[in-house]
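The values are calculated or read from the model by the stated rules, or taken from the named source; none is laboratory data. Quick caveat: nothing in here was measured; it's all calculated off a predicted structure. As a convention, Cβ positions derive from the backbone with ideal geometry for all residues, glycine included, and neighbour counts pool all protein chains shown. Just so you know, the surface numbers come from the protein's heavy atoms only, side chains and all, with ligands and any DNA or RNA stripped out. Shrake-Rupley method; radii C 1.70, N 1.55, O 1.52, S 1.80 Å.
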Amino acid sequence: KKLDNNLGISDNTNACAELASGDYIALFDHDDLLYPNALFENAIAIELHQPDVLYSDEDKVDINGVAQLPFYKPDWSRDLLYSQMYICHFLVFKKSLFEKIGGYNNKFDGAQDYDLMLRFSEQTDNIYHIPKILYSWRMTENSTSANSDSKPYAQSAGLNALNAHLKRYVKEDAFAEETNSLFVFSSRFPLKYPKPKVSVIMPMKDNCKLSDTCVKSILAKTNYSNYDIIILDNNSEKQKTFDWFEKIKKRSDKIRIIPAKFPFNWSKLNNFGMQYSDADVFIFLNNDMEVISPDWMELLCENAMRKDIGVVGPLLLYADNTIQHAGVVLGMGGWADHVFKGMDPVNYSSPFVSPIVNRNVLSVTGACMAVSRKTIEKIGKFDENFIICGSDVELCLRAYENGFRNLYLSNVKLYHYESQSRDSYIPESDFENSKRAYSPYIGENTDPFFNINLDINSCQPKLKEQ
């Protein structure tokens with residue numbers, strides 16, 4: 001169809017879509033390259049799954065035609081979309097859905113695909129990911145695939161599109177803000193006054209030096225005010241610890257020391273702590289932590305209070321500022337492990353998503369996890385059959401299976417001086433209970449928020465050996 005005038009990218013595409021006679025439309029940028037099997041793979045997925053929207057993995061091609069920088073994506077992740085347009089190009093969708101939402105909106109030219117995907121997500125979650133590279137971005141001087149500064153207007157358009165979606169679909173006062181990385185956003189869900197109460201539940205036994213560092217960092221750095229700290233004294237024996245209890249209680253009236261005189265059971269301790277709390281949100285925290293970001297509690301709380309979110313976890317760093325936790329992948333190492341462990345917390349999206357964008361995960365670590373009282377009331381407390389480890393993952397899986405999305409927040413940061421307060425012994429029963437809980441997500445039924453093309457035995461994302 002020849003247009004009398006250039007209507008711009010959105011309206012030009014709308015005019016083309018009017019000519020489409022198929023049930024599905026496939027979008028494809030003029031400077032991209034399709035793999036030979038791209039349409040075939042989408043046709044198979046449509047036949048088998050009847051999705052409303054489809055997307056696939058991608059790579060980039062340099063000026064010499066050399067493929068590089070593969071991006072193996074997770075399955076549909078709403079909160080990753082709230083961080084960046086990870087779906088990207090070669091987007092396939094039902095024509096009827098495109099017509100229902102009114103097609104492209106030229107108000108968001110420069111980020112028109114992002115706006116379109118956000119509006120699709122308001123109508124459906126029937127969004128299917130094909131875990132195969134089906135197209136390539138051609139890396140040219142004016143392409144954002146090679147030069148993220150080449151289209152600065154796209155940054156503003158993307159932010160505006162996300163803001164419009166959040167206010168329209170989530171709540172009026174929700175908003176997005178820019179981060180230090182181009183095309184990466186932080187979505188915010190402000191809390192209404194009076195703000196929810198948060199209880200930090202922290203078990204410990206002796207080793208009060210660690211606890212002192214943790215508690216003082218909470219008191220000194222937290223900019224959220226409506227909280228208390230419930231320290232569970234699990235059979236401490238040293239006079240130095242009891243002296244510290246008296247000293248730290250005098251430091252703030254937010255602190256309570258609760259005796260927990262029973263054998264160590266991580267699950268039972270946290271359930272016990274909840275009995276002493278009237279809070280709306282629980283933050284379960286190891287005592288070998290140190291707060292870095294002052295808004296840590298605010299961000300954990302505002303996301304835990306979202307009605308569709310189950311369990312929320314932060315970015316945890318080792319003392320050398322490498323990553324200790326940036327989400328848990330089921331099946332990693334045969335059981336479950338932390339993806340990106342030991343890597344630098346920098347923005348790099350190959351071969352998997354960047355560790356510094358928020359995204360949905362099957363699980364986060366119990367070293368620091370936030371969950372609302374309403375969610376606990378729906379899914380139940382920690383399974384006390386787990387003694388030392390595994391119940392954090394099991395709780396997250398229960399939340400997921402009850403229709404909640406679990407969330408990793410990259411902009412919440414704490415140091416984790418891992419396992420300095422206990423030995424590495426794990427009872428056999430924890431392995432048995434973990435096997436029972438994890439089995440649906442291990443083997444052929446993989447973690448949907450990882451990618452089957454990546455090595456499940458490597459915490460640092462890399463391709464499987466062929």
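Summary table
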| quantity | calculated |
| --- | --- |
| Residue selected from the stretch 372-396 under the condition aliphatic (A, V, I, L, M) and in a helix (DSSP H, G or I), by the criterion nearest to residue 328 (Cα to Cα) | 393 |
| Residue list for the stretch 246-291, restricted to those being among the acidic types (Asp, Glu) and under 28 Å from the mean Cα position of the chain (by Cα) | 278, 280, 288, 290 |
| Number of positions in the stretch 174-211 that are open to solvent by less than 60 Å² (accessible area, probe 1.4 Å), more than 17 Å from residue 358 (Cα to Cα) and among the charged types (D, E, K, R) | 3 |
| Among the candidates 415, 400, residue that is of a type in the set (Phe, Trp, Tyr), surrounded by fewer than 24 Cβ atoms within 10 Å (Cβ to Cβ), closer than 26 Å to residue 217 by Cβ and modelled with pLDDT of 95 or more | 415 |
| Check on residue 87, open to solvent by less than 20 Å² (accessible area, probe 1.4 Å) and free of Cβ contacts under 8 Å to residues at least 40 places away in the same chain | yes |
| Residue pairs meeting the criteria (Cβ under 7 Å; at least 6 apart or on separate chains; first over 14 Å from residue 14 (Cα atoms) and at pLDDT 95 or above, in the stretch 104-132; second of a type in the set (Ser, Thr, Tyr) and assigned to a helix (DSSP H, G or I)) | 122/169 |
| Failed criterion for residue 407 (all others in (1) within 18 Å of residue 306 (Cβ to Cβ); (2) assigned to a helix (DSSP H, G or I); (3) among the aliphatic types (A, V, I, L, M); (4) open to solvent by less than 10 Å² (accessible area, probe 1.4 Å) hold) | (2) |
| Residue list for the stretch 320-349, filter: in contact with a Phe, Trp or Tyr (Cβ under 9 Å, 6 or more places away or on another chain), modelled with pLDDT under 95 and more than 25 Å from residue 434 (Cα to Cα) | 349 |
| Residue in the stretch 174-197 that is within 20 Å of residue 109 (Cα to Cα) and of a type in the set (Lys, Arg) present | no |
| Selected residue [assigned to a helix (DSSP H, G or I) and either modelled with pLDDT of 95 or more or buried (at least 17 other Cβ atoms within 10 Å of the Cβ) (or both)] from 248, 257 | 248 |
| Residues within the stretch 428-458 that are hydrophobic (A, V, I, L, M, F, W, C), in a helix (DSSP H, G or I) and open to solvent by 30 Å² or more (accessible area, probe 1.4 Å), tallied | 1 |
| Qualifying position, being among the aromatic types (Phe, Trp, Tyr) and in a strand (DSSP E or B), among 28, 93 | 93 |
| Residue in the stretch 122-145 that is assigned to a helix (DSSP H, G or I) and farther than 30 Å from residue 36 by Cβ present | yes |
| Unique match (being under 18 Å from residue 312 (Cβ atoms) and not aliphatic (A, V, I, L, M)) among 195, 205, 216, 209 | 195 |
| Qualifying positions in the stretch 53-73 - farther than 15 Å from residue 35 by Cβ and surrounded by 22 or more Cβ atoms within 10 Å (Cβ to Cβ) | 53, 73 |
| Complete set of residues in the stretch 275-309 that are of a type outside the set (A, V, I, L, M, F, W, C) and under 19 Å from residue 411 (Cβ atoms) | 290, 293, 294, 295, 298, 302, 303, 306 |
| Where residue 78 falls short, out of the listed (1) out of contact with any strand residue (DSSP E or B) (no Cβ under 6 Å at 6 or more places or on another chain); (2) farther than 30 Å from residue 170 by Cβ | (2) |
| Pairs with Cβ under 7 Å, 6+ apart, first in the stretch 67-80 and under 22 Å from residue 411 (Cα atoms), second assigned to a helix (DSSP H, G or I) and open to solvent by less than 40 Å² (accessible area, probe 1.4 Å) | 74/80; 78/121 |
| Pair list, Cβ < 9 Å and 6+ apart or interchain, from the stretch 315-340 residues that are more than 19 Å from residue 440 (Cβ to Cβ) to residues that are aromatic (Phe, Trp, Tyr) and modelled with pLDDT under 95 | 318/417; 319/417 |
| Some residue of the stretch 221-242 being in a loop (DSSP other than H, G, I, E, B), aromatic (Phe, Trp, Tyr) and surrounded by 17 or more Cβ atoms within 10 Å (Cβ to Cβ) | yes |
